[in-house]
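The values are calculated or read from the model by the stated rules, or taken from the named source; none is laboratory data. This one's a predicted model, so the numbers in the text were calculated from it and none came from an experiment. Note that we place each Cβ from the backbone using ideal geometry, even for glycine, and neighbour counts take in every protein chain shown.
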Amino acid sequence: MGNAPHEITDTSIEKELATLRAFLSLEERGVQKTWMIRYSEKTIGVAWIDLIENHGVEAPSIHLMIGDPSFRGIGIGRSVMNAMIDYLQKSGRKFIFSRHLVSNDVVTRLNRSIGFIADGESYIDKNGLEWQSIKLSLKTQFS
């Protein structure tokens, strides 16, 4: 997701439950659509669509996080992103937005391979992390 080193702390069941409750609250308020990513009978991450602008990223924006490094790089992220794109395309959206850490070469290559392009210049947040906003133009039946 993109955390500065000073923001990464040891976790606990209580902290993880609080994170899940926060996701559910956003879902209940209708500002986010959230899915847990399950693989081999294990929850390995989360995917979500922000339905309102968030962190300066236009809506709808797609995001995912695979927490367990052993499940990264095997195509799960691509499959999940394609499912979210399909979901939004069926709802008639013309563009999808997102952002990624510039330093994350794997995600940068994945986003480009799907068809995302830079949406403006990269920027540095208050924690010194460099982000690139991106967008994907969806082909519609009538375009």
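Write out, first by first residue and then by second, each pair whose Cβ atoms fall under 7 Å of each other, whose residues are 6+ apart or on separate chains, and whose first residue, in the range 56-81, is free of Cβ contacts under 8 Å to residues at least 24 places away in the same chain while the second is assigned to a helix (DSSP H, G or I).
Nothing qualifies.
For the range 126-143, enumerate the residues that are surrounded by 13 or more Cβ atoms within 10 Å (Cβ to Cβ), farther than 14 Å from Met81 by Cβ and in contact (Cβ under 8 Å) with a residue 60 or more places away in the chain.
Scanning the range 126-143 gives Leu129, Trp131, Ser133.
Could you list, in sequence order, the residues of the range 75-121 that are out of contact with any strand residue (DSSP E or B) (no Cβ under 9 Å at 6 or more places or on another chain), outside any helix (DSSP H, G or I) and farther than 17 Å from Lys33 by Cβ?
Passing the criteria: Gly75, Asn104.
Looking at (1) surrounded by 12 or more Cβ atoms within 10 Å (Cβ to Cβ); (2) modelled with pLDDT under 90; (3) in a helix (DSSP H, G or I), which is the only condition Leu17 fails?
(1)
Looking at Ile66, Ile124, which one is under 11 Å from the mean Cα position of the chain (by Cα) and of a type in the set (A, V, I, L, M, F, W, C)?
Ile66
Please specify each residue of the range 27-63 satisfying the condition of being of a type in the set (S, T, N, Q) and more than 14 Å from the chain's Cα centre (by Cα).
Residues satisfying the conditions are Ser40, Thr43.
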